[in-house]
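These notes are about the structure you will find just below.
The values are calculated or read from the model by the stated rules, or taken from the named source; none is laboratory data. Note that the structure is predicted; figures quoted are calculated from it, not measured. Note that we place each Cβ from the backbone using ideal geometry, even for glycine, and neighbour counts take in every protein chain shown.
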Ligand SMILES: Nc1ncnc2c1ncn2[C@@H]1O[C@H](COP(=O)(O)OP(=O)(O)OP(=O)(O)O)[C@@H](O)[C@H]1O
Ligand SMILES: [Mg+2]
């Protein structure tokens, strides 16, 4: 039995006002509870694509369906409570006078009760470790702190599908680890998670599905094996995951598949050293 696609895109085209064609016929389908990493060079169209997933951009041509329902100007608000999007640039997202207000903005608009809003805001801010900043003005925070607040704002809305544009950029290593844990928890609770990233090491470790975008078109969609396909990696301006680079010759010598994550690398190392 095939799983239900929770997100479907058919022949999506998008052109900005200045004539730039950012998306040129993108079709893809994402199943429920997948962890999807979208990769591709600067200007490939990743952010433009993500902005279509919750109705911020509406298709100029083609269709975007969430849970089988086409996004259009009549239901974009509804879609926004189903699909939460963390923008690439937190300055585009974080605007309230205090951090608390900022995270409460979504839940308030959803018409939730005060006690529920307070609980959601506290949980979200604690999970990104920004609770002690709740009374601060967001525009005076560091970039990484703002990004955490933007992530909290989406968590507080508790959407079924969570989309994050470059979530790890500007986060310190422990912030990246926190984010990982948050994403794993959300996934365990049955949510679908989609990120755009340049971090091939993270993509290799985290994603169940990889989408490679270039010049507004899909170059490939598949498993993390795509990340060690030389032709593809070269065409997309990517690089092999570091672990794959370390073990390239050793794996070939042993006739073993190329490890893509630290865990797989460690396993191969044990094989090599006989321990
Ligand atoms: N507001 C805009 N007006 C005009 N062109 C735009 C606008 N935003 C993006 N573009 C153009 O659309 C194309 C796709 O941009 P987009 O931001 O979607 O790429 P991206 O893959 O997210 O890149 P990055 O890795 O740098 O974040 C690029 O050619 C970009 O210059
Ligand atoms: Mg982008």
Filter pass, residue 85 being part of a helix (DSSP H, G or I) and either at positive phi or surrounded by 14 or more Cβ atoms within 10 Å (Cβ to Cβ) (or both): no
Qualifying residue in region 69-78 (condition: modelled with pLDDT under 95 and under 14 Å from the mean Cα position of the chain (by Cα)): no
Any hit, region 251-265, residues being buried (at least 16 other Cβ atoms within 10 Å of the Cβ) and under 27 Å from residue 86 (Cβ atoms): yes
Subset tally (residues that are over 19 Å from residue 33 (Cβ atoms) and either within 16 Å of ligand 2 (Cβ to nearest atom) or under 18 Å from the mean Cα position of the chain (by Cα) (or both)) for region 51-63: 5
Region 89-115 - residue that is surrounded by 19 or more Cβ atoms within 10 Å (Cβ to Cβ) and part of a loop (DSSP other than H, G, I, E, B) and, of those, farthest from the chain's Cα centre (by Cα): 94
Residue count for region 204-223, restricted to those that are in a loop (DSSP other than H, G, I, E, B), more than 16 Å from ligand 1 (Cβ to nearest atom) and either surrounded by fewer than 17 Cβ atoms within 10 Å (Cβ to Cβ) or not assigned by TED's automatic domain parsing to the domain that holds residue 31 (or both): 2
Members of region 178-197 found to be within 12 Å of the chain's Cα centre (by Cα) and surrounded by fewer than 17 Cβ atoms within 10 Å (Cβ to Cβ), listed by number: 180
Count - residues of region 8-35 that are near ligand 1 (Cβ under 10 Å from one of its atoms) and within 20 Å of residue 71 (Cα to Cα): 5
Residue list for region 136-177, filter: closer than 19 Å to residue 189 by Cβ, within 14 Å of the chain's Cα centre (by Cα) and part of a loop (DSSP other than H, G, I, E, B): 159, 160, 167
Check on residue 9, under 18 Å from residue 195 (Cβ atoms), within 16 Å of ligand 2 (Cβ to nearest atom), crowded, with 16+ Cβ neighbours inside 10 Å and in the same structural domain as residue 214 (by TED's automatic domain parsing): no
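This table checks each residue for (1) farther than 20 Å from residue 30 by Cβ; (2) in contact (Cβ under 8 Å) with a residue 40 or more places away in the chain; (3) in contact with a strand residue (DSSP E or B) (Cβ under 7 Å, 6 or more places away or on another chain).
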{"position": "140", "(1), (2), (3)": "yes, no, no"}
{"position": "143", "(1), (2), (3)": "yes, yes, no"}
{"position": "156", "(1), (2), (3)": "yes, yes, no"}
{"position": "194", "(1), (2), (3)": "no, yes, yes"}
{"position": "199", "(1), (2), (3)": "no, no, no"}
{"position": "203", "(1), (2), (3)": "no, yes, yes"}
Tally, over region 227-262, of residues that are touching a helix residue (DSSP H, G or I) at 6+ places or on another chain (Cβ under 8 Å), in a helix (DSSP H, G or I) and more than 22 Å from residue 38 (Cα to Cα): 5
Of all residues in region 74-99 being within 16 Å of ligand 2 (Cβ to nearest atom) and touching a helix residue (DSSP H, G or I) at 6+ places or on another chain (Cβ under 8 Å), the one that is farthest from residue 146 (Cα to Cα): 85
